[in-house]
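K.L.:
The following block contains the structure, expressed as structure tokens.
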Amino acid sequence: MKGRYLMDTAPGEAKGTWTVPAVECPSRTVVEVLANKWALYVLGALRQQPRPLRFNQLGRTLPGITQKMLTQTLRTLERDGLVTRTVYPTVPPRVEYGLTPLGHEAGLLTVAIGEWALAHVDHILTARQAFDAQAGTEPRPVG
């Protein structure tokens, strides 16, 4: 399956050159999970805590997330080995969520993306304003 996985190289390309993975490539699934905004926020929120969090505690740290979306996101991250779910035998059951070592490593991505976003938010907002202002005008001929 050479050439179908992320970071494989096509003939004539430099080693380590990124190529778009084939649809059936497993790495594509992982990238799709991490590209989900709530997955990034959940990983970031859990990474900032010194201990695992209960569901409602985690939900309170993520304004705007619904219970359904938090549940779906946690299940996906648990399935992918990024989050642990620990159920304590109490009445009612106490459930806590924390990061696995792999989840901590993925959490570094959230830090990098967050730092990049803070460094470039002004550029993005300026570009959006320029685009939106130009979107209402007639197209100009090239040349």
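The values are calculated or read from the model by the stated rules, or taken from the named source; none is laboratory data. Not measured: the values here are computed from a predicted model. All Cβ positions, glycine included, derive from the backbone under ideal geometry; neighbour counts span all protein chains shown. Remember, those area values only see protein heavy atoms, side chains included, never the ligands or the DNA or RNA. Shrake-Rupley method; radii C 1.70, N 1.55, O 1.52, S 1.80 Å.
K.L.:
Taking Gly103, is it surrounded by 10 or more Cβ atoms within 10 Å (Cβ to Cβ), within 12 Å of Val42 (Cα to Cα) and not aromatic (Phe, Trp, Tyr)?
P.N.:
Here the answer is yes, as Gly103 does meet what is asked.
K.L.:
Now, a different point. Which of the residues that make up region 68-95 are open to solvent by 30 Å² or more (accessible area, probe 1.4 Å), under 17 Å from the mean Cα position of the chain (by Cα) and in contact (Cβ under 8 Å) with a residue 40 or more places away in the chain?
P.N.:
Thr76, Asp80, listed by residue number.
K.L.:
For region 28-58, give me each residue that is closer than 20 Å to Arg94 by Cβ and either of a type in the set (A, V, I, L, M) or open to solvent by less than 40 Å² (accessible area, probe 1.4 Å) (or both).
P.N.:
Of everything in region 28-58, those that are closer than 20 Å to Arg94 by Cβ and either of a type in the set (A, V, I, L, M) or open to solvent by less than 40 Å² (accessible area, probe 1.4 Å) (or both) turn out to be Val42, Ala45, Leu46, Leu53, Leu58.
K.L.:
Could you say which residue among Gly98, Gly107, Gly114 is in contact (Cβ under 8 Å) with a residue 12 or more places away in the chain and in contact with a Ser or Thr (Cβ under 6 Å, 6 or more places away or on another chain)? Outline the logic, then answer.
P.N.:
Numbers: Gly107 fails: in contact with a Ser or Thr (Cβ under 6 Å, 6 or more places away or on another chain); Gly114 fails: in contact with a Ser or Thr (Cβ under 6 Å, 6 or more places away or on another chain).
The unique qualifying residue is Gly98.
K.L.:
Any residue at all in region 59-67 that is within 16 Å of the chain's Cα centre (by Cα) and open to solvent by less than 60 Å² (accessible area, probe 1.4 Å)?
P.N.:
yes
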